[in-house]
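The structure appears right after this line, and notes come after that.
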């Protein structure tokens, strides 16, 4: 069990599965931090598939709010304190810097299938977080 856990969440199913796992590994009396990043970046710096990142997408902020809210509800049901944060920018950078900022003991991330990752030219966010994190990183495949 970890005292301070960071889980990066978005609107995907693998993210919700990761949030469930993050709740499970957070110690009684510990704190879960739910972080969602809204990518509003030039195409060459984005992760994932291009069609999900329209600059005019009015749903991006709402999806981030729903993702951290869903995680907060999971934590509440398990009687775990939860802090929610939404940032804009490059996910891998914000995840690693936020983890350092809060002094997290572990980072939990959802992991997409190999077929989905194959379309990413720059590699997956999870892989980049693993390479740069100074704490254990748990990647959780979708259920």
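For the range 85-106, taking the residues that are modelled with pLDDT of 95 or more, touching a helix residue (DSSP H, G or I) at 6+ places or on another chain (Cβ under 6 Å) and assigned to a helix (DSSP H, G or I), the one that is surrounded by the most Cβ atoms within 10 Å (Cβ to Cβ) is identified as 95. Close Cβ contacts (under 9 Å, 6 or more residues apart or on different chains) running from residues in the range 69-89 that are at positive phi and without any contact (Cβ under 8 Å) to a residue 60 or more places away in the chain to residues that are assigned to a strand (DSSP E or B) and surrounded by 14 or more Cβ atoms within 10 Å (Cβ to Cβ) comprise 89/37; 89/38.
Return yes or no: is residue 60 modelled with pLDDT under 95, touching a strand residue (DSSP E or B) at 6+ places or on another chain (Cβ under 6 Å) and more than 26 Å from residue 134 (Cα to Cα)? Yes.
The values are calculated or read from the model by the stated rules, or taken from the named source; none is laboratory data. Quantities reported herein were computed from a predicted structural model and do not represent experimental measurements. Positions of Cβ are backbone-derived with ideal geometry, glycine not excepted, and every protein chain shown enters the neighbour counts.
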